[in-house]
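Below is one structure, written out as structure tokens; comments come after it.
A short reminder: the numbers here are calculations on the coordinates, not readings from a lab. The model shown is predicted, which means the values in this text are computed figures rather than measured ones. Virtual Cβ from ideal backbone geometry, glycine too; neighbours counted across all protein chains shown.
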Amino acid sequence: MFDNIRQDLKAYGGDWGAQGFWVMVVYRFGRWRYGVKPALLRKVFSFIYKILFKLIQILTGIELPCEVEIGRNFVIDHFGGIIVSGYAKFGDNCRIRTGVVVGLKRVDDPCAPVIGNNVDIGAGAKVLGRIRIGDNVIIGANAVVITDVPANAIAVGVPAVIKVEAAL
């Protein structure tokens with residue numbers, strides 16, 4: 001857990017005051033508690049996590065449950081209005097901004113996007129459903145992505161279309 005937190009702090013440029021970093025500390029704690037034994041101690045840590053999760057959600061406007069799979073160097077630029085489904089998966093070196101939603105397309109299909117490495121998601125973008133986002137993708141601000149995006153592409157618009165497919 002502490003190695004991950006040190007790496008997260010480095011990803012945030014050493015800024016202890018970044019709200020995204022606070023979110024990542026609580027996220028890492030939530031992931032770490034799953035491995036705590038005995039079960040009674042794990043339940044105590046789970047209770048602490050639930051309080052911290054709600055506190056961070058209220059203070060920052062960011063909902064990042066510990067069930068989300070996140071790679072290295074995940075950065076939340078700016079705070080507020082960010083919701084990530086517990087079913088989502090992120091690769092390494094991903095960045096999301098204010099107002100981003102990564103989640104379910106339909107409640108009866110509990111499956112969220114799988115996002116590759118080096119993905120940059122612009123402010124206000126919505127990435128929804130059982131889709132895959134390839135490596136080295138840029139998703140434009142306010143885009144609504146409901147279909148797969150291949151690697152090395154830029155997706156913009158409502159609904160999102162692939163504008164450029166080239167090495168980024």
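What to note about this one:
- Residue under evaluation Ala39, criteria (1) more than 23 Å from Gly129 (Cα to Cα); (2) under 16 Å from the mean Cα position of the chain (by Cα); (3) among the aliphatic types (A, V, I, L, M), criterion not met: (2)
- Test: residue in the stretch 116-131 that is under 19 Å from Gly71 (Cβ atoms) and surrounded by fewer than 17 Cβ atoms within 10 Å (Cβ to Cβ): no
- Single residue of Ile62, Ile96, Ile82 found to be buried (at least 17 other Cβ atoms within 10 Å of the Cβ), within 11 Å of the chain's Cα centre (by Cα) and touching a residue at least 40 places away in the same chain (Cβ under 8 Å): Ile62
- Test: residue in the stretch 143-150 that is more than 16 Å from Ile70 (Cα to Cα), out of contact with any Asp or Glu (no Cβ under 8 Å at 6 or more places or on another chain) and of a type in the set (D, E, K, R): yes
- Tally, over the stretch 65-79, of residues that are of a type in the set (Val, Ile, Thr), surrounded by 22 or more Cβ atoms within 10 Å (Cβ to Cβ) and in contact (Cβ under 8 Å) with a residue 60 or more places away in the chain: 0
- Yes/no for Tyr49 being over 17 Å from the mean Cα position of the chain (by Cα) and crowded, with 17+ Cβ neighbours inside 10 Å: yes
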